[in-house]
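Since the structure comes first, as structure tokens, the remarks are kept for the end.
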Amino acid sequence: MELAAFRALEPLCWRSPSAHNTQPWRLDHRPGAIRVGWEQAYTLPAADPSGRDLRLSLGAFVETCLIVAADAGLGMRFVADHCVANRRVGWLRASPHRYDTPFNAAQVLTRRTHRGRFSAGPDAEVVAAADAVARASGGTVRAVPDAGLLARLLRVADRQTYADPAVVGELRSWLRLTPAHPHYHADGLTDRCLGLSGREATALRAALAAYPALRRLGLPRLLAAASGNPLALGGAALVLVGPPGTDDATEVEFGRVLARTWLTLHAAGLAAHPLSQLVDASDTREALGALLGVAPRRLLHVARVGRPVGPAAPSARRVGGVGQGLR
Ligand SMILES: Cc1cc2nc3c(=O)[nH]c(=O)nc-3n(C[C@H](O)[C@H](O)[C@H](O)COP(=O)(O)O)c2cc1C
């Protein structure tokens, strides 16, 4: 009964965040349980070859489902059962108890990634609250102590990203730089969410179209330079660190932690702007690990965090809202 009632809530669960907004999750209702899996077509083999961001996104989705169910008075729990061969992270099952969470469906609906200007970073109290969320699962949230070094690492990571034609091609396939794009209201990264003006969006489209021809003539360096320094837009960088021995299953669990961390920030009037390239690029991951004194594999996510100056545009979804019916 609880599981059948959950069907009506699924469009709200789709508000969960995912890398490149691919919404990789898939729910299958089976007798007695809902299987939580993923679609291969919505993974990022070039940008996320290890699958770390996929597993974080799936974990965040699980947490979102539990929060939305609890808010509706439904008793539901998650049983982790990660199996790559079956593209499954686990099962949602009915429970006699509601999931115990301080968060609600309204917060799931209103949380947003924010790539714009921040008037202030997180104060010590908020960092401690986010850290407490991670510590409850054996991890930690750390502020990056050296902003200058971080800005340099970001430049290196951006250059590495734009130097790889497969990564650029994949990014291009998820960019929605004009409302005329057929999937503009369904998924991917829109011009509005990226905070691009009409002129900037047109220039980026032209540059990416010319990429194959101009790659060897220094376009990657130009694109990296054009992405600017987001750290100059205010806020402070926070790193989500997993426990010693972090493995694939831990990353799914820490996707749940990531969702709780972002909702903790949201509840305090703050937002996150992920900078995953810092963890994706091997050189910058190593350097960041050395800076924080942790093994690089334990670095799960980096985001600029702060108090947004203005609202962020809502991102698209294949299910619910304007994207309804496109699933
Ligand atoms: C694991 C993960 C990694 C992400 N990495 C980045 C990133 O490197 N840069 C970025 O701008 N956004 C990143 N995002 C944010 C997504 O693009 C965003 O969640 C998605 O577009 C949906 O938008 P919303 O969060 O506003 O709902 C990431 C999100 C997740 C869950």
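The values are calculated or read from the model by the stated rules, or taken from the named source; none is laboratory data. Nothing here was measured: the structure is a model prediction, and the numbers come from that model. All Cβ positions, glycine included, derive from the backbone under ideal geometry; neighbour counts span all protein chains shown. Side chains are part of the model used for accessible areas, which takes the heavy atoms of the whole protein and leaves out ligands, DNA and RNA. Shrake-Rupley method; radii C 1.70, N 1.55, O 1.52, S 1.80 Å.
Quick notes
- Taking every residue in the stretch 2-14 that is over 27 Å from HIS185 (Cβ atoms) and pairing it with any residue that is among the polar types (S, T, N, Q), at least 6 positions away or on another chain, the pairs with Cβ-Cβ distances below 9 Å are GLU2/SER95.
Here is a yes/no grid of residues against (1) in contact (Cβ under 8 Å) with a residue 12 or more places away in the chain; (2) over 30 Å from GLY73 (Cα atoms):
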| residue | (1), (2) |
| --- | --- |
| VAL126 | yes, no |
| ASP131 | no, no |
| VAL144 | yes, yes |
| ALA157 | yes, yes |
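- Out of LEU177, LEU219, LEU149, one residue alone is within 16 Å of the ligand (Cβ to nearest atom) and either closer than 24 Å to SER57 by Cα or touching a residue at least 40 places away in the same chain (Cβ under 8 Å) (or both). It is LEU177.
- Of residues in the stretch 57-110 being of a type in the set (Lys, Arg) and within 17 Å of LEU9 (Cα to Cα), the one nearest to the chain's Cα centre (by Cα): ARG77
- Any hit, the stretch 98-106, residues being in contact with a Gly (Cβ under 6 Å, 6 or more places away or on another chain), within 16 Å of the ligand (Cβ to nearest atom) and open to solvent by 60 Å² or more (accessible area, probe 1.4 Å): no
- Residues satisfying the stated conditions in the stretch 1-48, i.e. surrounded by fewer than 21 Cβ atoms within 10 Å (Cβ to Cβ), farther than 18 Å from ARG317 by Cβ and of a type in the set (Asp, Glu): GLU2, ASP28
- The residue list VAL62, VAL84 contains one member that is under 23 Å from SER276 (Cβ atoms) and out of contact with any strand residue (DSSP E or B) (no Cβ under 7 Å at 6 or more places or on another chain), which is VAL84.
- Test: residue in the stretch 148-170 that is closer than 24 Å to VAL319 by Cα and open to solvent by 10 Å² or more (accessible area, probe 1.4 Å): yes
- Subset of the stretch 287-315 (residues that are open to solvent by 40 Å² or more (accessible area, probe 1.4 Å) and among the charged types (D, E, K, R)): ARG297, ARG298, ARG307
- Segments classed as strands (runs of 3 or more DSSP E), wholly inside the stretch 225-319, with at least 3 members that are under 22 Å from PRO49 (Cα atoms): 236-241, 299-308
- GLY121 being in contact (Cβ under 8 Å) with a residue 12 or more places away in the chain and on the phi > 0 side of the Ramachandran plot: no
- Across the stretch 283-295, the number of residues qualifying as free of Cβ contacts under 8 Å to residues at least 60 places away in the same chain and within 16 Å of the ligand (Cβ to nearest atom) comes to 1.
- In the stretch 55-96, the qualifying residues are those that are among the aliphatic types (A, V, I, L, M) and out of contact with any Phe, Trp or Tyr (no Cβ under 7 Å at 6 or more places or on another chain), and the one that is nearest to ASN21 (Cα to Cα) is ALA60.
- The selection criterion, being over 26 Å from SER119 (Cβ atoms) and free of Cβ contacts under 8 Å to residues at least 40 places away in the same chain, does not hold for PRO244.
- Contact map, the stretch 18-33: first residue within 16 Å of the ligand (Cβ to nearest atom), second residue part of a strand (DSSP E or B) and open to solvent by 30 Å² or more (accessible area, probe 1.4 Å), Cβ cut-off under 9 Å, separation 6 or more or different chains; pairs are ALA19/PRO274; ASN21/THR113.
- Within the stretch 171-182, being farther than 21 Å from ALA46 by Cα and open to solvent by 40 Å² or more (accessible area, probe 1.4 Å) holds for PRO179, ALA180, HIS181, PRO182.
- Matching entry among ASP247, ASP280 (being open to solvent by 40 Å² or more (accessible area, probe 1.4 Å), over 17 Å from the mean Cα position of the chain (by Cα) and closer than 29 Å to ARG88 by Cβ): ASP247
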